[in-house]
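For reference, the structure discussed in these notes is given below.
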Amino acid sequence: MALTFLFLTLFVLFAGAAAISESHTIRFDNQCGKGTPQLIIGGRVVSNGSDYTSQGPASSGIAYLQTGSCLFNGENCAIVEFTLGNPTCAGCGSSTDISLIAPHQLNVPTGFSYFNGCDGVGATCTTPECNAAFFNPNDNQVQVACQSNNVGLLISFCPNGEATPSSPSSSPTYRQRRCQLRAAQLQVLASKSLFLSDHRSSSLRLP
Ligand SMILES: *[C@@H]1O[C@H](CO)[C@@H](O)[C@H](O)[C@H]1NC(C)=O
């Protein structure tokens, strides 16, 4: 009787230790020279850029680089979505992806890769229309899985140093940006000529 109790106690202790020993570290590498990484798990910010280590699985987390216009759940910005967990059945370990499903959009080049298992396996998105991100909820092929225990996740912003997503000249976003620039230049020109004409008319009034 006492022996059974002892074994039962030991079993509970070991099972508890095994559950507690699962952990996943999420790390940021921000080469953009701006912005604040945001890591959100369970509806609250658990990191502003420093390493975060979960006790047990890290389920349904998102991360993005707050560059000014991102809302709490990363709306207007690119998000990395992940569930990190030790596989308890074949194929049900960790899964990570980049989402650009509207209202998400690429604010800075964004990528991720696993470490401490599945090293270097991941995805990167450097253009607003990259093929490594979700644009529709059924783009499941962009999900990157890992079946290693206690795998970590490195999330990179501007992995090649450039702060604005590069974009082919044919893309509407690029053209829109050119138009905005042109409009801003015209506005500057207009205000200058207004200033000149004001200046001229006031000098005309001088005796
Ligand atoms: C993140 O930054 C905000 C604003 O400065 C602060 O209130 C919060 O405590 C920080 N969170 C963490 C997990 O460091």
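Values quoted throughout were computed directly from the atomic coordinates according to the rules given, and no laboratory measurement underlies them. This structure is a prediction, so every number in the text was calculated from the model and none was measured. Counting neighbours? That spans all protein chains shown, and the Cβs are built from the backbone with ideal geometry, glycine included.
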- Task: Could you give the spread of the C-alpha atoms of segment 12-157 along their three principal axes, from largest to smallest, in whole angstroms?
- Result: 49, 29, 25
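Could you work out how much longer the chain between Asn116 and Ser59 gets when fully extended? Use 0.36 nm per residue separation minus the Cα distance between them, nm to one decimal.
Taking Asn116 through Ser59 to full extension adds about 18.7 nm, to one decimal.
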- Note on the structure: If Asp97, Asp51 are placed from fewest to most neighbouring beta carbons inside 10 Å, the sequence is Asp51, Asp97
- Task: Please find the FRET efficiency linking Ala102 to Asp29, where r is the Cβ-Cβ separation and R0 is fixed at 22 Å, and quote it to the nearest 0.05.
- Result: 0.25
- Note on the structure: So, with points 7 Å from each Cα along the Cβ direction, the Asn160-Asn136 label distance in nm works out to 2.8 nm
- Message: Take Gln147 and Leu71, extend 7 Å from each Cα along the Cα→Cβ direction, and tell me the distance between the two endpoints in nm.
- Response: 3.9 nm
- Note on the structure: If amide H atoms are modeled at 1.01 Å from N in the peptide plane, then the residues at a separation of 5 or more from Phe28, or on another chain, having amide H under 5 Å from its own are Ile155
- Peptide ranges 136-144, 75-83, 25-33, 111-119 listed from the most packed, as the mean C-beta count within 10 angstrom indicates: 75-83, 111-119, 25-33, 136-144
